[in-house]
Each structure stands twice: as structure tokens, then as C-alpha cells.
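The values are calculated or read from the model by the stated rules, or taken from the named source; none is laboratory data. Just so you know, these numbers come straight off a predicted model, no measurement behind them. Neighbour counts run over all protein chains shown; Cβ positions are idealised from the backbone, glycine included.
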Amino acid sequence: MEIRELPIDDYEKVVVAKDPESQLHALIAVHDTTLGPALGGMRMWPYKSEEAALTDVLRLSKGMTFKSAIAHTGLGGGKSVIIGDPKTIKSEKLYRAMGRFIDHLGGLYITAEDVNTSIEDLEIVRQETRYVTGLSRASGSSGNPSPYTARGCVLGIQKCVERAFDGDSVSGKHIVLQGVGAVGSIMARELRELGAHLSIYDMNVERAEQLAKELDAEILHDDDVLSADCDVLAPCALGAILNDETIPALRCKVIAGCANNQLATLEHGDLVRQRGILYAPDYVINAGGIINVAVELMPGGYDEAKSLERVRRIPDALEEIFELSEREHISTAEAAHRRALEILAEGRREHVTN
Ligand code: NAD
């Protein structure tokens, strides 16, 4: 296997591996380890070029640094991407090679599940390196993160509703979910239980129909979902849905959902604020999954009670950001960004004094 290091400003380490025997062509980006080893998922995607994969791994690893900082997981940010079509390149040889690639960093980067990789794939990686998290509960690991992500998002939505509607609860509120997959479907069930009235859209029509029937929810069309007249819009599918085109058409009071990278750019947070909409920064509200995985790495190993106790702090983290946004007259996205940078700066100062 040939491993090359790419010098990238502001990133601690970025490496690319090519292994002709297994067809592995992958990159690992370690963005920042000030607060602990860099944890982030392993994504497989048919990138058009190594450059496109590099852009993605840099963006994603930096996002993980910010998410972990605000959630106080004691971890840094990293990510890995494997270039290739998941339908054709998956093999035991490939995942074993990926395991060796991760292992050569000696624990600087710890991996987990992500788009197009499964627990089964990680089990193979685990045969070559111990720096793998989120394996099955049966093996003493933290298992599927989605229920914890969903829990944190529901608690976060409650906090947002309380703030935007003068102390109201979600009971009787109209909540629109875009995407009801692993996380969105759990959120929908929990929100229904709390008395919310739901409208949903999922490109998987069958999935949406089944859930709508179960929860007495209305089904929306793709074109209507982001402009639906509602109390809370919960983006739970794709990124970059808050952009120049969609923001002027929004008819909600709150945006709070699990999807990553909801704002096309940080500046779109200002446009959302100008519309008088309360936006829960995605990496703050959706940190339940990373919090759950991080508990696995603590002394004593995985403990669900400890994880839930930490997930319950997500509303406090949101509150802190909402306060900062109000005080400084900045968007909540900008406030989260500033708060994450502050936590990292505090971490760096502690390193210097210790
Ligand atoms: P998932 O793949 O299980 O679900 C996504 C759902 O969105 C699917 O049902 C899919 O059909 C639907 N979808 C895709 N494109 C759509 C579109 N254009 N319009 C409507 N629906 C569409 O994924 P998930 O694990 O539920 O994650 C959802 C989002 O939350 C992703 O952005 C993910 O990165 C983010 N996230 C997930 C976790 C986690 O613990 N799983 C943690 C943090 C963030």
C-alpha cells in the first residue's frame, strides 16, 4: 500500500492511500486533536476524482471538530472517505486494507459508520485495527447511534418551541419532517407521542406512506415540503437545503432537524435570522450519535445511562447558543461557530499550561 501525506493548512494530518491489490483508494483527514483523538465516520462514495474526495473529507472532518467541541465529547475531528461505487468495490480485502491504513495512524484517527458503510463492514476493519467504534452492542460497543441522535433532536425541538412560542410545548404544534429514515422515523414517533401534528415527506414513498398511516400524519410533496406552513421544519434527509432559493419561501417559526450541513453556507444563517426564524445549528442538535459513540471510549467503556445523561444536555448547549446569538445580534449558526472556536481555544490554552 502506498501512503502519501498531503500538507494542508489548518489540518493536522491528511493522508491518501492507494492499494492496487484491494482497489483501495482512500483519504483520512485529521482536522484537530486539541480535545482528543479525531473521531469521524468512514464514508464510501463514487467521487469523480481524488480532488473531489479531498474537498469532502476536509469539510466533513472540520465539521466533526466543531460538533465534538460543542458536545464536550473529549474528542477531536476527523473523517475518512473511500473512493468508489459501493455496489461494486466492497470486499473483505478492501476493508482489511482500510483497517491497516487507519491503524498506521496509531489512534490519531478513530473511525465509525457513515454513508454507505455498515456495522458489518466495520467488523472487517476491526480485524486490522482497534481504532473502530460503533460496533454491535453484543461486542460491548455502543451500537446504532440513530436513536440517540433522534433523542437529542426531539429534546432540541422542545427547547426551540419553548423559546419561539413563549414557553409552549410541542403538543398541538405542526411539525414537518423532510426525510423519515433511521433518525427521522424515530423522531416522528417520539414527537407524535408528545402530541405534535405531523406532516412528512420522504423520497422513499412507501416508507413515508407506512409511517403516515401509523402516526396519522399528512403526506407532503417534494415541492411543498420546505415551503409548508408549519411551526417547526425538521430537515432529516439532505444537506444544503437552506439556500438562496428556499429561504425566502420558508413559512415556519423554527428549523430544527438531524440533517448535517443544512445551511448552504454560514452566511445563509443570517438570511434565516432576518426572516425571524429560529434555527437550531445542525451539529449542535444532532450530536446525540457522536455523544453515544464517545461514551464507548471513556474509562469503563460503554454505558447507556451515561450516554443518555449527556444527550439530555443538548438543550442547554442550544440555549447557550441562542443567548449568544441574541446578545451579539448574530445568527445562531455564527454563534455556534464562535462557541466552538472558543472551546477549542480554551483546550489549546489548557495544553500549554499543563
Ligand atoms: P437515512 O439514510 O436512514 O435516512 C434518510 C432518509 O431521507 C431516507 O428515508 C431517504 O429516503 C430520505 N431522503 C433522501 N433524500 C431525500 C429528499 N431529497 N427528500 C426527502 N427525503 C429524502 O439517514 P439517517 O441516518 O436517518 O440520517 C439523516 C440525516 O441525519 C443525514 O443528513 C445524516 O447525515 C444526519 N445525521 C445522522 C446521524 C445518525 O445517527 N444516523 C447523526 C447525525 C447526523
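Odds and ends about this structure:
- Applying the condition of being surrounded by fewer than 22 Cβ atoms within 10 Å (Cβ to Cβ) and not small (Gly, Ala, Ser) to the range 232-244 and asking which residue is nearest to the ligand (Cβ to nearest atom) yields Leu238.
- Given (1) part of a helix (DSSP H, G or I); (2) of a type in the set (D, E, K, R); (3) over 16 Å from Leu318 (Cβ atoms), index of the condition Arg130 fails: (1)
Rundown of residues vs (1) part of a helix (DSSP H, G or I); (2) closer than 18 Å to Gly152 by Cα; (3) touching a residue at least 40 places away in the same chain (Cβ under 8 Å); (4) not assigned by TED's automatic domain parsing to the domain that holds Thr34, yes/no style:
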| position | (1), (2), (3), (4) |
| --- | --- |
| Gly300 | no, no, no, yes |
| Ala305 | yes, yes, no, yes |
| Ile321 | yes, yes, yes, yes |
| Glu326 | yes, no, no, yes |
| Glu346 | yes, no, no, yes |
| His351 | yes, no, yes, yes |
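- Residue within the range 75-95 that is outside any strand (DSSP E or B) and within 24 Å of Arg310 (Cα to Cα) present: yes
- Within the range 132-152, the only residue that satisfies the criterion of being more than 13 Å from the ligand (Cβ to nearest atom) and either at positive phi or of a type in the set (Asp, Glu) (or both) is Gly140.
- Within the range 245-264, the set of residues being without any contact (Cβ under 8 Å) to a residue 40 or more places away in the chain and either more than 15 Å from the ligand (Cβ to nearest atom) or not assigned by TED's automatic domain parsing to the domain that holds Gly181 (or both) comprises Ile247, Pro248, Ala249, Leu250, Arg251.
- Asp223 meets the conditions (1) of a type in the set (Asp, Glu); (2) within 12 Å of the ligand (Cβ to nearest atom); (3) in contact (Cβ under 8 Å) with a residue 12 or more places away in the chain in every case but one. The failed one is (3).
- Those helices (runs of 4 or more DSSP H) of the range 181-287 in which 2 or more residues are under 16 Å from the mean Cα position of the chain (by Cα) occupy 182-193, 282-285.
- Residue that is surrounded by fewer than 23 Cβ atoms within 10 Å (Cβ to Cβ) and over 14 Å from Val293 (Cα atoms), where the choices are Gly106, Gly140: Gly106
- From the list Val161, Val176, Val170, the lone residue that is modelled with pLDDT of 95 or more, part of a loop (DSSP other than H, G, I, E, B), buried (at least 21 other Cβ atoms within 10 Å of the Cβ) and of a type outside the set (Gly, Ala, Ser) is Val170.
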